[in-house]
Amino acid sequence: MSKQSLDTICIQGGWEPKNGEPRQLPIYQSTTFKYTSSEQMGRLFDLEESGYFYTRLANPTNDAVASKICQLEGGVGAMLTSSGQAATFYAVLNICQAGDHVISSSTIYGGSTNLFTVTFPKMGVECTLVNPDADEEELAKAFRPNTKAVFAESIANPALTVLDFEKFARLAHGHGVPLIVDNTFATPINCRPFEWGADIVTHSTTKYMDGHAATVGGCIVDSGNFDWEAQHDKFKGLTEPDESYHGIVYTQKFGKLAYIQKATAQLMRDLGSIQSPQNAFLINIGLETLHLRVPRHCESAFKVASYLQSREDVAWVKYPGLPGDTYYELAQKYMPKGTCGVISFGLKGGRQAASVFMDKLKLCSIETHVADSRTAVLHPASHTHRQLTDEQLVEAGVDPSMVRFSVGLESAGDIIEDIRQALED
């Protein structure tokens, strides 16, 4: 069959039942799998044969959902994790160790900023945060001989910075390291980072992929495009024998699947941030409507952003799908079908006015969540980025007065009316 559209992959990707098998993806709610041969079980543990023997390493339900996400992104392999944070952690740790260095965009999600600047350094991995809007000459200064990866978000949460993929890919590849991109907000429906030079993609499947605030999860997708052997000495964990697996060399044994195989066989084995089969099943249900929901989120967000922009009591509005936005041109280049359903804005009354506004909302809920079917609102400086100082907030692209507004699937007119009454009544 010819290459399938994203719409069809959302519905039928990942699970292809054989004659007489369940049409719906089954939940393989089992920790273990039975074998009649001790020798075969040994081959599984030696990675000499593919199969299932313990759900911490692999499970049929999880693999089917990972395969669907992999198809949507256009990768060669994928692995589910227990959360988006776990996906980011594994994606970097898979190629880094104590003494290494990574570069990250400064405008990423607050939890990820803390991971890079607080937790990774405790493990001996240093991080340099860079302004994603800086020119290539300035960004190049951040690279060191021990730099192992560059990390950024396709659309930053909540700064709504749109990544210049080609600029970052040129810099990363010019210094012999992969570009890792969190594509949570754009989703593969609106943006496919591999087509613009990214090497590894991560997702918080908790957001649009689930779409219903029902389950937490994450995913890592490998493009298979980065040549690890060309940078043999930088990535010895992939290019030299792994003594914990009887001397397997991942690049030699698995070729283009080396990175994702190592993440599964080594990191998931040792750290165990697995996604439960039940959660994977729920994500799969969400994925079946992703291609329908994402355009509606974007359509409604554009209407809400336009309304906010028209109000005199609104100081500023950030939405990359809005003409005139700082990132509109980049959004048109990299995600012309739409960006996301999240808007950031500030009120002229500042932080206090934002608090009063949020408390007066009736339809829209104050939630520590974003990107699902119900409209959610949050004040990043008080919530997701609470650990940052005002100076750090500005560096992260988060105005202390910022309101993050995630437009759901309710009537856009009803959402706008709720905003109006909260501002006026």
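Assorted remarks:
For every residue, the table says whether it meets (1) touching a residue at least 40 places away in the same chain (Cβ under 8 Å); (2) open to solvent by less than 20 Å² (accessible area, probe 1.4 Å); (3) within 26 Å of E395 (Cβ to Cβ); (4) among the charged types (D, E, K, R).
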residue: E166; (1), (2), (3), (4): no, no, yes, yes
residue: V181; (1), (2), (3), (4): no, yes, yes, no
residue: A186; (1), (2), (3), (4): yes, yes, yes, no
residue: I200; (1), (2), (3), (4): yes, yes, yes, no
residue: T205; (1), (2), (3), (4): yes, yes, no, no
residue: Y208; (1), (2), (3), (4): yes, yes, no, no
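- Single residue of region 22-46 satisfying the filter (of a type in the set (A, V, I, L, M) and under 19 Å from I248 (Cβ atoms)) that is surrounded by the most Cβ atoms within 10 Å (Cβ to Cβ): L44
- Per the conditions (1) buried (at least 24 other Cβ atoms within 10 Å of the Cβ); (2) under 22 Å from L6 (Cβ atoms); (3) of a type in the set (A, V, I, L, M, F, W, C), the sole criterion not satisfied by W196 is (1).
- Number of positions in region 116-133 that are closer than 13 Å to A149 by Cβ and out of contact with any strand residue (DSSP E or B) (no Cβ under 8 Å at 6 or more places or on another chain): 0
- Checklist (1) outside any strand (DSSP E or B); (2) among the charged types (D, E, K, R); (3) under 18 Å from A263 (Cα atoms); (4) in contact with a His (Cβ under 9 Å, 6 or more places away or on another chain) applied to K207, failing item: (3)
- Region 312-359: number of residues that are small (G, A, S) and either at positive phi or without any contact (Cβ under 8 Å) to a residue 60 or more places away in the chain (or both): 9
- Filtered residues of region 235-253 (kept if surrounded by fewer than 13 Cβ atoms within 10 Å (Cβ to Cβ) and assigned to a loop (DSSP other than H, G, I, E, B)): H246, G247
- Counted residues, region 307-357 - those being open to solvent by less than 80 Å² (accessible area, probe 1.4 Å) and over 27 Å from the mean Cα position of the chain (by Cα): 14
- When each of I180, I189 is tested for being closer than 16 Å to E73 by Cα and part of a helix (DSSP H, G or I), the lone residue that passes is I189.
- In this structure, A78 does satisfy being touching a residue at least 12 places away in the same chain (Cβ under 8 Å) and either of a type in the set (G, A, S) or within 15 Å of T184 (Cβ to Cβ) (or both).
- Any chance F254 is of a type in the set (F, W, Y) and under 20 Å from G217 (Cα atoms): no
- Among residues of region 380-425 being modelled with pLDDT under 75 and among the β-branched types (V, I, T), the one that is most open to solvent (accessible area, probe 1.4 Å) is V394.
The values are calculated or read from the model by the stated rules, or taken from the named source; none is laboratory data. Owing to the predicted nature of the structure, the values given are computational and were not obtained by experimental measurement. Here the Cβ is made from the backbone with ideal geometry for all residues, glycine too, and neighbour counts use every protein chain on show. Protein only, heavy atoms only, side chains kept; ligands, DNA and RNA dropped before computing areas. Shrake-Rupley method; radii C 1.70, N 1.55, O 1.52, S 1.80 Å.
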